[in-house]
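The structure appears below as structure tokens.
The values are calculated or read from the model by the stated rules, or taken from the named source; none is laboratory data. None of the values given here were measured: they were computed from a predicted structure. Ligands, DNA and RNA are stripped out before the accessible areas are found, and what is left, the full protein with its side chains, is counted by its heavy atoms. Shrake-Rupley method; radii C 1.70, N 1.55, O 1.52, S 1.80 Å.
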Amino acid sequence: MNLSTLTAALGHSFSDRILLQTALTHRSFGVPNNERLEFIGDGVLNCVIALALYKRYPALAEGDLSRLRANLVRQDALHRLATSLKLGDFLRLGEGELKSGGSQRPSILADALEALFGAIWLDAGHDAASSVIVALYARLLE
């Protein structure tokens, strides 16, 4: 598939296309892969969602905000968002993962979406990553 379809859906055009390619590369495909970007993306996602909830719900206590954030950043929510982006169509997977349906596996899709968030953060900074995340999460944040 054409990566411009994905970048348009994300609302971010990569200056460094290698970051995009790496974010879409599962470890079964080889090295470099998206695991380190996933690590960064997880942190960025938690920060952005925490701030969005803090601003959106000023009367909620910390415990309630923490529960909401946990629900929004868990694998299920990430999987649904990744599926809506048809992210599995863009993944680079090893032969075994391809044969076993890895492009639709919730854990692989969730991890790849986090890797994309990390790649965007490295490519263009916090504001760009925040814009993409908040836009993708708009309906879930309601």
* Mind ranking ARG74, ARG139, ARG92 by accessible surface for me, highest first, 1.4 Å probe? => ARG139, ARG74, ARG92
* Calculate how steeply helix 75-84 sits against the longest principal axis of the alpha-carbon atoms of the chain, using the helix alpha-carbon long axis, and give the answer as 0 to 90 degrees to the nearest 10. => 60 degrees
* Using a probe of 1.4 angstrom, how much of the accessible area of the range 1-112 is carbon and sulfur, in percent? -> 54 percent
* Compute the accessible area per residue over the chain, keeping the other protein chains in place, probe 1.4 Å, unit Å². => 54 Å²
* Mind checking the angle between helix 106-124 and the chain's longest principal axis? C-alpha axes, 0 to 90 degrees, to the nearest 10. -> 80 degrees
* Residues with amide H under 5 Å of ARG92's amide H, sequence separation 5 or more or different chain, H placed in the peptide plane at 1.01 Å from N; which? -> THR25, HIS26
* At a probe size of 1.4 Å, how large is the accessible area of GLU62, to the nearest 10 Å²? -> 130 Å²
* Asked: Largest first, how would HIS26, HIS126 line up by accessible area (1.4 Å probe)?
  -> HIS126, HIS26
